[in-house]
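Take a look at the structure below.
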Amino acid sequence: MIHPEHQRRAYLQAMGIDVWLPRDAAEPVAALASDAAGAMDWDELRRCVADCTRCALSKSRTQTVFGAGKQDANWMIIGEAPGAEEDRRGEPFVGRAGQMLNEMLRAVGLSRESVFIANVLKCRPPNNRDPEPGEASACRQYLERQIELVQPQVILAVGKIAAQNLLQSDEPVGRMRGRRHDLKGVPLVVTYHPAYLLRSPSQKRKVWHDLCLAKQLGSEVAA
Ligand code: URA
């Protein structure tokens, strides 16, 4: 049983917040931190994200966008970052791209409520610019913990930012899509971002193939 004060300190440390200890403090905090980061439950993680000030986006956001959906979903969808509408409503993929994402999911018999949807960033970058590498790495622990908590059978990374960040790659989406990747043992499929599909509907066929691949990989895990 971890002492609550040690656990609190470890959460702060795991989230990169400096912790000052009295000189005679007995425990090496680094050791506690690695335990406690892995022990954070949904409510604790939600609170940490809501209060986060790890990067400058905390100053310009209206609110954080934690993620939404079924907490033990078979599918996890990971996008880039909240846009204007998401920042206003506090929910991921609620604008036009969100409607397209809902359509993509419906095409393979899934509802928005049956999956878990998250983003690489929990805060909106001003003018919807691409996330900076420092912002993505400041936010990464949150996404990693969400993946651990959901334990999805398959992850669908939508768009370049999600795919490149999750797979630590600089390959273009066109080369990453259409095949299986792995993220810590979880099958991961890359596909085009729904906002791109709105601009280039001719790519829908490829997305359909990616969704079918994700469905197949997810059911292999379930079997
Ligand atoms: N685009 C994303 O990548 N995420 C959202 O939440 C909304 C739009």
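The values are calculated or read from the model by the stated rules, or taken from the named source; none is laboratory data. Everything numeric in this text was worked out from a predicted model, so none of it was measured. Methodologically, a virtual Cβ is constructed for each residue, glycine included, from the backbone with ideal geometry; neighbour enumeration extends over all protein chains shown. Calculation scope for accessible area: heavy atoms of the full protein, side chains included, ligands and nucleic acids excluded. Shrake-Rupley method; radii C 1.70, N 1.55, O 1.52, S 1.80 Å.
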Is there a residue being within 16 Å of the ligand (Cβ to nearest atom), among the aromatic types (Phe, Trp, Tyr) and open to solvent by 50 Å² or more (accessible area, probe 1.4 Å) anywhere in the stretch 142-163?
-> no
The condition of being out of contact with any strand residue (DSSP E or B) (no Cβ under 6 Å at 6 or more places or on another chain) and farther than 18 Å from Thr191 by Cα holds, among Arg96, Arg89, Arg106, Arg112, only for Arg89
Selection within the stretch 117-140 - within 12 Å of the ligand (Cβ to nearest atom) and either without any contact (Cβ under 8 Å) to a residue 40 or more places away in the chain or assigned to a loop (DSSP other than H, G, I, E, B) (or both) = Val120, Leu121, Lys122, Cys123, Arg124, Pro125, Asp130, Pro131
Subset of the stretch 178-208, residues under 20 Å from Gln164 (Cα atoms), open to solvent by 50 Å² or more (accessible area, probe 1.4 Å) and of a type outside the set (Asp, Glu), comes to Arg179, Arg180, Lys184, Gly185, Tyr196, Lys206
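Among the residues of the stretch 180-223, how many are assigned to a helix (DSSP H, G or I), over 19 Å from Arg106 (Cα atoms) and at pLDDT 95 or above?
The number of residues fulfilling the criteria is 1.
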Of all the helices (runs of 4 or more DSSP H) wholly in the stretch 39-116, which have at least 1 residues that are more than 17 Å from Ala195 (Cα to Cα), free of Cβ contacts under 8 Å to residues at least 24 places away in the same chain and more than 16 Å from the ligand (Cβ to nearest atom)?
-> 42-50, 57-60
